[in-house]
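Read through the structure below, which is laid out as structure tokens, and then see the notes.
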Amino acid sequence: QADLQTSSQRLNLSASSAAVAELKPDCCIDDVIHHEVKEIGTHILVCAVSYTTQTGEKMYFRKFFKFQVLKPLDVKTKFYNAETDEVFLEAQIQNITTSPMFMEKVSLEPSMMYNVAELNTVDRAGESESTFGSRTYLQPMDTRQYLYCLKPKQEFAEKAGVIKGVTVIGKLDIVWKTNLGERGRLQTSQLQRMAPGYGDVRLSLETIPDTVNLEEPFDITCKITNCSERTMDLVLEMCNTNAIHWCGVSGRQLGKLHPSSSLHLALTLLSSVQGLQSVSGLRLTDTFLKRTYEYDDIAQVCVVSSEVKQS
């Protein structure tokens with residue numbers, strides 16, 4: 001019988017429970033054991049043998065084989081929250097063993113709230129190619145960075161109050177092979193991130209041009225979402241800055257906005273200064289509570305002379 005003792009549990013590894021009827025002199029019994037190690041730290045393999053001699057005496061002995069299981073990979077993660085509700089996950093994977101690894105698979109299994117897109121390939125001549133090239137070996141102490149984009153599923157994205165606080169993103173599944181072709185696998189626990197707080201009212205940009213002409217009107221589309229648990233009656237005010245000038249009537253009534261509801265708003269503005277300009281100066285007032293929400297540095301736009309853009 002073969003058992004594996006770890007710091008948390010004792011596992012029976014014996015492949016066969018059938019006893020050998022007879023063991024002749026100078027003969028041996030071979031038992032091949034396959035076990036996926038899932039814990040790091042001290043492991044003890046306990047081999048126990050029970051047998052009966054020719055005289056009918058029952059004998060028993062055990063042997064202990066102690067070994068250490070070291071962590072093969074060091075995994076670090078970073079989250080970046082985009083204004084479009086997308087979440088970018090950067091996973092840094094370092095080989096902390098003394099031998100090269102063949103990275104067979106590094107994937108992200110998203111939670112039920114998200115769809116995932118891997119950003120670790122580039123298109124060359126119509127074919128997808130890994131950003132790490134054709135060689136997928138990870139040398140000792142080398143680090144690779146994998147990038148993933150998670151986007152909320154439609155049923156969750158439409159509900160403003162769902163993605164709040166700590167949310168589960170998913171888990172990384174990493175498969176590799178060592179020098180002798182031995183396969184290793186590491187699956188992280190569920191990755192969590194703190195969703196950014198937007199207060200009672202969230203204002204985000206749906207569309208905005210990258211480049212606009214100096215002193216020429218351009219359009220943007222804003223999305224206003226009620227993140228609170230009460231109905232709001234909103235009024236929009238537009239305040240000009242040194243570079244940005246809003247076109248239209250300030251103080252317009254937007255009407256009532258129910259909890260977790262959104263509305264889209266088309267606005268027109270122009271810039272009187274060239275360069276990279278910040279879109280600022282929007283104010284939303286809830287007439288029920290007489291509370292004003294200020295929105296500055298919503299986005300940036302590149303303003304160029306009309307001659308430059310035409311050339």
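Quick notes on this one:
- Of the residues making up segment 240-273, just one is modelled with pLDDT of 90 or more, hydroxyl-bearing (Ser, Thr, Tyr), touching a Gly at 6+ places or on another chain (Cβ under 9 Å) and assigned to a loop (DSSP other than H, G, I, E, B), namely THR241.
- A residue that is more than 24 Å from VAL175 (Cα to Cα), outside the structural domain of VAL175 (by TED's automatic domain parsing) and surrounded by 10 or more Cβ atoms within 10 Å (Cβ to Cβ) can be found somewhere in segment 25-32.
- Residue tally, condition surrounded by 11 or more Cβ atoms within 10 Å (Cβ to Cβ), among the aromatic types (Phe, Trp, Tyr) and under 52 Å from the mean Cα position of the chain (by Cα), over segment 46-76: 1
- Just one residue in the set GLU237, GLU216 is touching a strand residue (DSSP E or B) at 6+ places or on another chain (Cβ under 9 Å), part of a loop (DSSP other than H, G, I, E, B), farther than 22 Å from GLU86 by Cα and acidic (Asp, Glu); that residue is GLU216.
- Taking (1) within 13 Å of LEU73 (Cβ to Cβ); (2) of a type outside the set (Asp, Glu); (3) under 10 Å from the mean Cα position of the chain (by Cα) in turn, ASN95 satisfies each apart from (3).
- Of the criteria (1) modelled with pLDDT under 90; (2) hydroxyl-bearing (Ser, Thr, Tyr); (3) more than 30 Å from GLN277 (Cα to Cα), which one THR225 fails: (3)
- Filter result for THR188 (assigned by TED's automatic domain parsing to the domain that holds THR167, surrounded by 15 or more Cβ atoms within 10 Å (Cβ to Cβ) and within 33 Å of the chain's Cα centre (by Cα)): yes
- Qualifying residue in segment 288-297 (condition: in contact (Cβ under 8 Å) with a residue 60 or more places away in the chain, closer than 30 Å to PHE156 by Cβ and within 35 Å of the chain's Cα centre (by Cα)): yes
- Pairs, first farther than 30 Å from SER189 by Cα in segment 24-47, second at pLDDT below 85, C-beta under 8 Å, six or more apart: ILE29/VAL20; ILE29/LEU23; ASP31/SER14; ASP31/ALA15; ASP31/SER16; VAL32/ALA15; CYS47/GLN1
- Filtered residues of segment 274-299 (kept if in a strand (DSSP E or B) and loosely packed, with under 14 Cβ neighbours inside 10 Å): GLY275, LEU276, ARG291, THR292, GLU294
- Where LYS223 falls short, out of the listed (1) charged (D, E, K, R); (2) farther than 20 Å from GLU294 by Cβ; (3) in contact with a His (Cβ under 8 Å, 6 or more places away or on another chain): (2)
- GLU104 fulfils the conditions (1) more than 30 Å from THR131 (Cα to Cα); (2) of a type in the set (Asp, Glu); (3) in a strand (DSSP E or B) except for a single criterion, (1).
- Of all residues making up segment 107-141, the number that are among the aromatic types (Phe, Trp, Tyr) and either in a strand (DSSP E or B) or within 26 Å of GLN192 (Cα to Cα) (or both): 2
- PHE79 vs. criteria in contact with a Cys (Cβ under 7 Å, 6 or more places away or on another chain) and either charged (D, E, K, R) or surrounded by 10 or more Cβ atoms within 10 Å (Cβ to Cβ) (or both): no
- Every condition in (1) more than 24 Å from the chain's Cα centre (by Cα); (2) modelled with pLDDT under 95; (3) among the acidic types (Asp, Glu) holds for GLU206 except the one numbered (1).
The values are calculated or read from the model by the stated rules, or taken from the named source; none is laboratory data. Just so you know, these numbers come straight off a predicted model, no measurement behind them. Heads up, the Cβs are rebuilt from the backbone with ideal geometry, glycines too, and the neighbour counts pull from every protein chain shown.
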